[in-house]
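The values are calculated or read from the model by the stated rules, or taken from the named source; none is laboratory data. All values derive from a computational prediction rather than experimental measurement. We place every Cβ from the backbone using ideal geometry, glycine too, and count neighbours over all the protein chains shown. Side chains are part of the model used for accessible areas, which takes the heavy atoms of the whole protein and leaves out ligands, DNA and RNA. Shrake-Rupley method; radii C 1.70, N 1.55, O 1.52, S 1.80 Å.
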Amino acid sequence: MSITAPDLQSAEAAERRSGWRTVRSVAPYLWPKGDLAGRTRVVAALLALACAKLLSVATPFVYKTAVDALTSGEAISVGFAFAIGAVGITVAYGVARLLSVGFDQLRDVAFAKVGQRALRLIALETFKHLHSLSLRYHISRKTGGLSRIIERGTKGVEFLLRFILLAVGPLILELIMVSVIFLVVLGPNYFLVLAVAITIYVYFTVKVTSWRVQIRKEMNRRDTEANQKAVDSLLNFETVKYFGAEKREADRYDQSMRGYERAALQTSYSLAFLNFGQALLITTGTVAVMVMAALGVLNGQLSVGDFVLVNAYMVQVSVPLNFLGTVYREIRQSLVDMGEMFDLLEQPTEVKDKPGAPDISVAGGEIAFQNLHFGYDRKRPILKGINLTVPAGKKVAIVGPSGSGKSTIGKLLFRFFDASGGALKIDGQDVRDITQKSLHAAIGIVPQDTVLFNETIYYNIAYGHPRATKGQVEAAAKAAQLHDFIMTLPEGYESEVGERGLKLSGGEKQRVGICRTLLKNPKILLLDEATSALDSETEREIQENFRAAGEGRTVIAIAHRLSTIVHSDMIFVLEDGRIVERGTHDELLRLDGRYSDMWQTQLSEDEDAGLKAA
């Protein structure tokens, strides 16, 4: 399908709006509210900038004076006195240039802290916002692409802050000063040629750069795609090996890299075209002005010093103009990169606290699910009117086949999502009416699949209670039957676990997860198939620890292995998003219904496994 002119104009208008949105978002960081020191630094940087440009524009006049003095016929008659004067003018020229550079450096020093602070605050705001987004958002995004967007966005912020104030501003100021000098000192013809040359140059640069930005967008897309595939493949390293899929993964990665290569080549070719076109335009303008000045010298209208003055100003203008092409291109690219990052910041927070929400107050820890409805997709409901109550200090179990909604109940309790209907209450308080921070502090979860930080075992256990003492950490490890294993490692508790805990077995990772939850010491305990990765002997030992840890707490155990929940005070059988049976283990067996069928099936599976092992 071809793109029509109105479509292209609409896309360009949307991009401009996005660019202005980004500039508006960054602007407050350049003039930090309530930060007098930061604002003082910005003012100092602007003053240093003005001084640098005034000296820069004045320097060619000193140069012109020296040249006129040296080429004057009076030099022969004045002799020694003239030599002293010429040397003085030359020294003044050098001092002026040195001061100009000095003010430029002073400007950079004054602004450096403001720029770096802005970069840090924007990066921090993005990081915090990502953690405030719901689980729904994160399970739909690819981590590799997300990290690359943040990386490019923060680099774009740094570039924009540095070059808008420290490059584009100075260039515009210098162009205005030089244009005024051409108009006043040399005449309107020189001003007109300079203005036309600069206008055509800027127009050409903007048009070609706009075209190149579209190519860079495609290059970014391919880069993000390749990075996503690389990260995803490396995270699934073992799966790739299991299926001998190294070549398949390499082909997938190379497919994205080939697209990146094509876009990168287009970028290089278009850059060569841009650079040559810029050089052609600025050189033509410079030659035209210099020819006019040379004719003026021959006609006696201008002095040799004026000719040198014109040349110095054209050189002074052409260097930053060439730089403008690069800066404009990079600013456009930075706006694209930052636009993606600010898109993240504008992602709505699906689950958020109500204004003025109080902290939860957990006395007994009674949990009530009242006609609870939920679906990850509105067209596909998962929970269909759940009604159950977990009495304070009791242990209940939720069982059922895969896909029945067991783990979803745990996610709603922790408020990863909000129910689409009904209510979920703890001690009579709707979880939507209290702060998420206090809710999370009151609940401890041992998930089915424990993911660890790429840190030490000690760090991962202590994550449940960062201020815990070493003795408390070791006590939690002993309770989870992990301490003896840790002590066999060469570095003990300081042993690194690798990315996502890959240096540990599934059972060892699970026990680390149990450790940090026990260390957290929550009022409510949620066990989401917490012992699924453990062997039977270790499972029995940890079940005893869980029973001890559950004393005085409300415990919800989501289980697939029914042998782990036979001592529960109440068992709820979930099927197709509804509770079909409830009662104790013995009551459900006597009922001879769905739970009894599941129990008999698992007994048969255990017997078959025992016979095969024998």
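Taking all protein chains as shown and a probe of 1.4 angstrom, residue 247 keeps an accessible surface of around 140 Å². Counting only lysines at least 8 places from residue 207 when in the same chain, those with an alpha carbon closer than 28 Å to its own are 155, 217.
Given their separation in residues at 0.36 nm each and the Cα-Cα distance between them, residue 347 and residue 127 gain 77.9 nm when the chain is fully extended.
Cut-off under 29 Å on the C-alpha distance; same-chain residues fewer than 8 positions from residue 241 excluded. Which lysines are left, in chain and number order? Reachable lysines: 142, 229, 503, 509, 612.
When the C-alpha to C-alpha distance is required to be over 19 Å, the pairs from 395/523; 384/523; 352/520; 437/520 that qualify are 384/523; 352/520. Heavy-atom accessible surface of residue 177, to the nearest 10 Å², is about 40 Å², with a 1.4 Å probe and all protein chains retained.
Rounded if a/c is under 1.5, else prolate if a/b beats b/c, else oblate: with a ≥ b ≥ c from the C-alpha gyration tensor eigenvalues square-rooted, which is segment 255-352?
It comes out oblate by the Cα gyration axes.
Across the protein chains, with a 1.4 Å probe defining accessible surface, the residues 553, 262 rank 262, 553 from largest area downward. Counting only lysines at least 8 places from residue 53 when in the same chain, those with an alpha carbon closer than 27 Å to its own are 64, 113.
Farthest toward the positive end of the dipole of segment 247-306, out of 289, 263, 253, is the Cα of 253, where the dipole comes from beta carbon charges about the Cα centre.
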